[in-house]
Amino acid sequence: MLTLTPYLLFDGTCLQAMQFYRSCLGGELTVMTVKDSPARGRLPMTLQDRILNARLRTESLDLSASDWLRPDRRPTRGNTVCLYLSGGTLDQLEASFARLSEGAEVTDPLSQQFFGTYGALNDRFGVRWMFQTNQKS
């Protein structure tokens, strides 16, 4: 089943923000840094201590986040909050990506990553979407 989760992007303050949200909302927080992940060899040394993924979960809340990891782009108001469509089958994800990419700026075409299949786009209305499934293409 595909699920939709808010996804926040921070410019180096992800850990502090997610710890603050946990103190306010409770729940279990899991965090992975770049240097502790299979992505460590793909990103520059300056990003190794940044958060690759953080997730805060309660019975009624699921919030994901990371630090900004695109040295070729800058975070700006509007591109730091995303809709994160995850899970489901590869076919479901590909179909959703194809429909939402009509008139969109595809920033990351669907491709195989160490954690499954991933892609991202800014839809025709300027909303940022990220797509991920554990199934590999």
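For the reader, a short list of remarks on this structure follows.
- Some residue of segment 72-82 being surrounded by 15 or more Cβ atoms within 10 Å (Cβ to Cβ), among the aliphatic types (A, V, I, L, M) and within 21 Å of Ala120 (Cβ to Cβ): no
- Checked across segment 10-23, the condition of being within 21 Å of Leu63 (Cα to Cα), charged (D, E, K, R) and exposed (fewer than 11 other Cβ atoms within 10 Å of the Cβ) holds for no residue.
- Across segment 93-133, the number of residues qualifying as closer than 19 Å to Leu43 by Cβ, in contact with a Leu (Cβ under 8 Å, 6 or more places away or on another chain) and surrounded by 15 or more Cβ atoms within 10 Å (Cβ to Cβ) comes to 5.
- Listing of strands (runs of 3 or more DSSP E) fully contained in segment 6-98 that carry 3 or more residues being more than 17 Å from the chain's Cα centre (by Cα): none
- Criterion violated by Ala39 - all others in (1) loosely packed, with under 15 Cβ neighbours inside 10 Å; (2) assigned by TED's automatic domain parsing to the domain that holds Met1 satisfied: (1)
The values are calculated or read from the model by the stated rules, or taken from the named source; none is laboratory data. Only a predicted model underlies this, so the values are computations on that prediction, with no experimental measurement involved. Methodologically, a virtual Cβ is constructed for each residue, glycine included, from the backbone with ideal geometry; neighbour enumeration extends over all protein chains shown.
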